[in-house]
């Protein structure tokens, strides 16, 4: 099946590449009151943001651990490094380069970066 695009939408506008050319990262860190280990630092390249609450981009974090509580959906694909998500119940899942996963609203626990981690993300609030 072929889709006919309206003239004001080119195929390039309907596709998004995770390309950092010419884009500066936003530096950041977890809220200090939520950090449970280390002094993690983040860099985020937010490549897409829509009016209806969709965000996509690349995120990097140095080692450390902090508490998290999700109210949104997030698809993650780990590009480099090792991270562990630890639920409130203590169950830990390790993610490495090549792994993909979804965090659903309501997840509470901790995010531990063991080795500097780079992920591609798509968030829907």
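The values are calculated or read from the model by the stated rules, or taken from the named source; none is laboratory data. The structure displayed is predicted, hence computed values, not measured ones. Virtual Cβ from ideal backbone geometry, glycine too; neighbours counted across all protein chains shown.
Would you point out which residue out of 65, 88 is in contact with a strand residue (DSSP E or B) (Cβ under 6 Å, 6 or more places away or on another chain), within 22 Å of residue 106 (Cα to Cα) and loosely packed, with under 12 Cβ neighbours inside 10 Å? Step by step, each of 65, 88 is checked, and only 88 is in contact with a strand residue (DSSP E or B) (Cβ under 6 Å, 6 or more places away or on another chain), within 22 Å of residue 106 (Cα to Cα) and loosely packed, with under 12 Cβ neighbours inside 10 Å. Can you tell me which of (1) surrounded by 12 or more Cβ atoms within 10 Å (Cβ to Cβ); (2) over 15 Å from the mean Cα position of the chain (by Cα) is the one residue 22 doesn't meet? Just one mismatch for residue 22, condition (1). Filtering the stretch 28-60 to residues that are farther than 16 Å from residue 113 by Cβ, in contact (Cβ under 8 Å) with a residue 12 or more places away in the chain and surrounded by fewer than 15 Cβ atoms within 10 Å (Cβ to Cβ) leaves 48, 53, 54.
Screening residue 16 against (1) surrounded by fewer than 17 Cβ atoms within 10 Å (Cβ to Cβ); (2) at pLDDT 95 or above; (3) outside any strand (DSSP E or B) leaves a single unmet condition, (2).
Considering only residues in the stretch 101-117 that are more than 14 Å from the chain's Cα centre (by Cα) and within 16 Å of residue 80 (Cβ to Cβ), the one that is surrounded by the most Cβ atoms within 10 Å (Cβ to Cβ) turns out to be 114.
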